[in-house]
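Just below is one structure, and these are the notes that go with it.
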Amino acid sequence: MKKLLFVADPLSSFVVKKDSTLAMMKASQQRGHEVWHCQIDHLKSVDSFVQADCKQIEITPHEGSWFKEVKTQVHKLCEFDAIIMRKDPPFDLSYVTATWFLSQACLEGAKVFNAPDALRNHSEKLALLEFMKFAPPTIVSHDLVDIKAFHERYQDVIIKPLDGMGGQGIFRVQANGLNLASIVETLGGNGQRALMIQKFLPEIAAGDKRVLLIGGEVVPYGLARIPQAGEVRGNLASGGKGVAQPLTQQEVNIAQELGPLLAKRGLHLIGLDFIGGYLTEINVTSPTCFVEITEQTGHDVALQWLTNLEKHIQ
């Protein structure tokens, strides 16, 4: 039996029917491990050790009250067998501060998944720049001149902020260029924030496909998040429909190339996003879609995750 601490959003905020962190907790409990939880604002350094106000929980089968508290206790983070960082974006100063605490905890002997330094070093948008051979035409710039030139070349583009999540702040600008300057000024704070601009991929109609990597290994099914009702965003948080699908050979090849490389950097769980075979984002903070893939295919993603995690904490 191992003691696992999940650093996550408040338990009351979990969407019980489809929460991937909850699926990970359930798998851990079923395997006999202790499940603990804390929030990033519970992290602190006292008596020369990083600690947290932690809550041990037992997951119950009742959706209305899906857990019961076993006990609350202040723990040194190094006393846990594994710490699973599952705080959802935004990647703001509070998030970064949490990773600084976790980095210090690692120096004190803690094992953190995903590794906090790797989380800081891999922007979910900018990490794509290392792998541009797999990406659609893309630029990242503060400069409206650059963005106008890119739009003039490709005519139909997607503009998105670097710190967005769940499809927030994503705009499509078509050939007429309507409101291009206004969108760039608003999203970019008049040049204060860099933006990512990508060629629009009409294949989005078939879905924005999430492919999961666990310990460098590819989960054999992905979740195509298909835009609904005239939307260009497939994100489930923006109303997209999730359809589990086997991976294409192209997706497998790219995932197998990136998986071992990123796993060596401490990224145990990754969500790659594909549109029409192009890699568009590399998600590392709190990848989801466990429940949808498991329910639709029978492949237990949480069990695959836990089995791989256990290899690192024996």
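The values are calculated or read from the model by the stated rules, or taken from the named source; none is laboratory data. These numbers come from a predicted model, not from an experiment. Neighbour counts are summed over all protein chains in view; Cβ atoms, including those assigned to glycine, are modelled from backbone coordinates with ideal geometry.
Observations on the model:
- Selection from segment 1-46 of residues that are hydroxyl-bearing (Ser, Thr, Tyr) and touching a residue at least 60 places away in the same chain (Cβ under 8 Å): SER20, THR21, SER28
- Under the condition of being surrounded by fewer than 15 Cβ atoms within 10 Å (Cβ to Cβ) and closer than 20 Å to PRO202 by Cβ, the residues counted in segment 111-136 number 0.
- Odd one out for ILE83, checked against (1) more than 21 Å from the chain's Cα centre (by Cα); (2) in a strand (DSSP E or B); (3) surrounded by 12 or more Cβ atoms within 10 Å (Cβ to Cβ): (1)
- Some residue of segment 292-299 being buried (at least 22 other Cβ atoms within 10 Å of the Cβ), more than 17 Å from the chain's Cα centre (by Cα) and either outside the structural domain of MET196 (by TED's automatic domain parsing) or closer than 25 Å to ILE170 by Cα (or both): no
- Filtering segment 300-314 to residues that are surrounded by fewer than 17 Cβ atoms within 10 Å (Cβ to Cβ), at pLDDT 95 or above and of a type outside the set (Ser, Thr, Tyr) leaves ASP300, GLU310, LYS311, HIS312, ILE313.
- If you go through segment 1-28 and keep only what is closer than 15 Å to PHE80 by Cβ and at pLDDT 95 or above, you end up with LYS2, LYS3, LEU4, LEU5, PHE6, VAL7, ALA8, MET24, MET25, SER28.
- Members of segment 34-68 found to be touching a Phe, Trp or Tyr at 6+ places or on another chain (Cβ under 6 Å) and closer than 16 Å to ALA110 by Cα, listed by number: HIS37, LEU43, VAL50, CYS54
- Residues satisfying the stated conditions in segment 246-267, i.e. within 13 Å of VAL219 (Cβ to Cβ) and in contact with a helix residue (DSSP H, G or I) (Cβ under 9 Å, 6 or more places away or on another chain): PRO246, LEU247
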